[in-house]
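Enquirer: Sharing a structure with you now.
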Amino acid sequence: MTALTEPRRKLADASLRQARALRRNMALSTLLGVLLLSVVVYYTHDLPTRLALWLGVSEPLMMAVFVGLTLLGTNLLAGLMFFHISYRSAGALSHTLAELDDELIKTETRLRVSRDALRTSADLDQALQDSLQQNLQDSETSTLGVIERTNRLNESAGRLLDYLHHSSTNASTMAVDIQQGVEDMNRIARFVGALPDTIRKDAEVIHHILQEVKQLEGLAASIKAISQQTNLLALNAAIEAARAGESGRGFAVVATEVRDLANRASTAADTIESGLNQALEAVERSLATSNLGDSQHHLEKATQVVDAFQKLQNSYEDMRQFYKTLFSVVTEHNTELAEQIADMLGLMQYQDVEGQRLTRMNDMLTERRRLYASMEQSATALEHLPQALEQLLTRYLEDESRHSHPDHGGLAADAGPGPRIELF
Amino acid sequence: MPKTILVVDDSVTMVMSLKTSLQIAGFTVETANDGQQALDKLKGGVKPDLIITDINMPRMGGMEFIRHARALPGMRFTPILALTTESQQAKRDEAKKLGATGWLLKPVGGADLVKVIKQVLPGA
């Protein structure tokens with residue numbers, strides 16, 4: 001029942017009451033007039049005749065005037081009564097119409113308020129849509145930022161792994177070089193260790209040679225003595241050749257050559273002796289300066305160096321093992337990190353799922369705004385608004401039910417009728 | 001030689017997350033923002049070993065893309081996985097009929113995705 005039903009009912013009742021009063025008054029006044037006329041005619045049956053004679057008109061005319069006046073009076077009375085009743089009814093009708101006007105004004109006000117509310121609701125929908133759109137863009141931007149940072153994290157982890165791998169390889173190469181160096185140093189140490197014995201043996205050999213060389217000094221003196229004797233013999237031979245005269249001339253030539261040879265042999269012997277002495281002095285000086293104690297010292301130093309190299313090799317071996325362990329641990333962590341990153345990137349897909357849900361909501365709000373806007377243009381459209389909104393709600397809920405709804409506690413989702421992953 | 005995967009999705013976050021995830025797993029990744037762009041890439045010489053496609057996309061949706069892609073030479077046996085939020089059985093059946101290899105509901109974790117890829121792409 002609307003607010004206008006009661007005024008309308010009152011208006012109808014007042015009109016009905018007025019019609020009934022008119023009918024009742026008309027019937028009553030007519031009855032009274034007829035009764036009055038009948039009484040007058042009954043008690044004064046000659047009154048119309050006498051009035052006709054007194055007025056000088058015919059009796060039928062007088063009778064007609066008499067009846068007419070009676071009816072006129074009756075109708076006048078009835079009219080007065082009808083006016084009275086109509087006046088009261090018009091007051092009630094006016095009051096009812098005033099109430100009706102009030103209700104119409106109220107209804108119009110309600111309609112205007114409803115339209116204002118719909119307009120405000122449409123504006124609110126627009127604001128919600130703008131907010132949803134902004135949220136969608138913000139979430140997309142932040143998700144892309146997270147993906148980019150995740151990518152950088154993965155690249156950094158990869159670079160660290162490459163660096164460790166490179167370092168491990170370098171350490172291995174270095175360890176091999178150090179091993180080679182230690183072996184070389186060991187060979188040098190063995191050589192240095194054997195050096196004193198070698199030097200001693202070499203010195204003995206040199207001493208032996210020196211003795212033999214010193215014996216050559218005597219040989220040189222003998223050669224010198226022989227050459228002097230030969231010189232004397234050659235001189236004597238030359239004297240004897242001169243005595244022999246012409247026959248000894250050839251022999252004198254031989255004697256001269258022999259003397260010359262003797263002199264050259266003597267000179268050679270001097271040269272040999274001098275050379276031998278110089279050589280002997282040099283060797284003896286060299287032997288005198290060679291110090292086996294220093295060799296021992298050098299040997300100890302060399303041994304220490306070898307030990308240091310051995311320690312260095314052990315340290316590098318430890319370092320290499322450390323690098324291998326570190327590389328293994330970091331590789332394991334990197335693999336785990338890659339898995340975590342992959343799962344985290346999977347979680348980024350929520351942004352798209354939520355984005356699609358917001359888009360559907362946005363579409364629904366757009367449709368609702370369109371419905372509100374159509375209310376502005378047509379008064380009758382307002383009557384269809386509830387039905388249109390109900391249809392919109394049904395479509396929205398059906399659309400929602402066709403899409404998966406993720407469980408944010410994990411990657412599992414409400415898959416609806418089918419499995420989350422299905423291979424055909 | 002790393003396997004090549006073509007990722008088709010109108011969501012830039014989906015494309016980037018899948019691309020990064022798959023690259024970490026050792027795949028080479030090509031991307032397209034809708035079915036039409038993906039189809040143009042296939043016609044332009046891109047030869048993926050596997051395709052992952054969304055279903056609801058502007059210009060050309062996933063269903064139509066699968067239908068066109070299957071008609072291209074050399075694409076008859078290339079695995080095509082649909083990755084979507086659509087959960088209706090009717091859609092799954094339609095995709096299967098058009099030649100899709102599998103149906104995955106978003107979101108799918110990186111490990112699960114790689115596992116599925118290795119199932120449909122031997123040697124990956």
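Just so you know, all these numbers are worked out from the coordinates, no wet-lab data involved. As the structure is a prediction and not an experimental result, all values here were calculated from the model. Using ideal geometry, Cβ is built from the backbone for each residue, glycine included, and neighbour counts are taken over all protein chains shown.
Enquirer: Which value in nm describes the separation of the simple spin-label points at residue A:76 and residue A:312, placed 7 Å from the Cα toward the beta carbon?
Expert: Computed distance between label sites residue A:76 and residue A:312 equals 15.4 nm.
Enquirer: For chain A, set up a Gaussian network in which alpha carbons nearer than 10 Å are linked by springs, and say which option among A:69, A:326, A:136 fluctuates the most.
Expert: A:69
Enquirer: Over chain A, calculate the relative contact order: mean separation of alpha carbon pairs under 8 Å at least 6 apart, over the residue count, as a percent.
Expert: In percent, rounded to a whole number, it is 20.
Enquirer: Let me ask something else about it. So if I take the alpha carbon set of the range A:8-107, get Rg, then get Rh from the Kirkwood formula, what is the Rg over Rh ratio?
Expert: On the way: Rg = 21.5 Å, Rh = 16.4 Å.
For the range A:8-107, the value is 1.31.
Enquirer: Step by step: find N for the range A:184-327, compute 2.2 N^0.38 Å, then divide the Cα radius of gyration by it. What's the final number? Display every interim value, and only then the final one.
Expert: On the way: Rg = 32.1 Å, N = 144, 2.2 N^0.38 = 14.5 Å.
Here the Cα radius of gyration is 2.21 times the empirical estimate.
Enquirer: Separate question: For residue A:198 and residue A:261, what is the calculated FRET efficiency with R₀ set at 41 Å and r taken between the beta-carbons, to the nearest 0.05?
Expert: Numbers: r = 45 Å, r/R0 = 1.10.
Plugging the Cβ-Cβ distance into 1/(1 + (r/R0)^6) gives 0.35.
Enquirer: Can you tell me the orientation of helix A:59-244 relative to chain A, as the angle in degrees between its alpha-carbon axis and the longest Cα principal axis, to the nearest 10?
Expert: Compared with the principal axis, the helix lies near 0 degrees.
Enquirer: So what is Rg over Rh here for chain A, counting just Cα atoms and using Kirkwood for Rh? Each step should come with its number before you reach the end.
Expert: Values: Rg = 75.3 Å, Rh = 40.6 Å.
A ratio of 1.86.
Enquirer: Ok, one more. Name the lysines eligible as straight-distance cross-link partners of residue A:106: C-alpha to C-alpha under 24 Å, and not fewer than 8 places from it in the same chain.
Expert: A:10
Enquirer: Tally Lys and Arg at +1 and Asp and Glu at -1 over the other residues with C-beta under 10 Å from the C-beta of residue B:57: what net charge comes out?
Expert: -4
Enquirer: Measure up B:41/B:118; A:201/A:311; B:19/B:97 against 31 Å on the Cα-Cα distance and list the ones that go over. All intermediate terms of the calculation are to be shown ahead of the outcome.
Expert: Numbers: B:41/B:118 24 Å; A:201/A:311 34 Å; B:19/B:97 28 Å.
Distance filter (> 31 Å) returns A:201/A:311.
Enquirer: Here's something else I'd like to know. Expressed in nm to one decimal, what extension gain is obtained for the pair residue A:152 and residue A:166 from 0.36 nm per residue of sequence separation less their Cα-Cα distance?
Expert: On the way: separation 14, 0.36 × 14 = 5.04 nm, distance 2.05 nm.
Roughly 3.0 nm would be gained on extension.
Enquirer: Given points 7 Å out from each Cα along the Cα-Cβ axis, report the residue A:36 to residue A:424 separation in nanometres with one decimal.
Expert: 10.5
Enquirer: With r as the distance between the Cβ atoms of residue A:385 and residue A:97 and R0 = 22 Å, compute the FRET efficiency 1/(1 + (r/R0)^6) and round to 0.05.
Expert: 0.10
Enquirer: When the Cα centres of the range A:168-221 and the range B:54-103 are compared, how far apart do they sit, in Å?
Expert: Measuring centre to centre over Cα atoms gives 84 Å.
Enquirer: Another question about this same structure. Show that you can apply the helix-only estimate: for the protein assembly as shown, add -39,500 (n - 2.57) for every DSSP H stretch of four or more residues, divide by all residues, and state [θ] at 222 nm to the nearest 500.
Expert: Numbers: 12 runs with 434 residues, N = 548.
Calculated from helices alone, the mean residue ellipticity at 222 nm is -29000 deg cm²/dmol.
Enquirer: Moving on to the next point. Give the calculated FRET efficiency between residue A:397 and residue A:17 to the nearest 0.05, with a Förster radius of 41 Å applied to their Cβ-Cβ distance.
Expert: Numbers: r = 55 Å, r/R0 = 1.35.
That pair, residue A:397 with residue A:17, gives E of 0.15.
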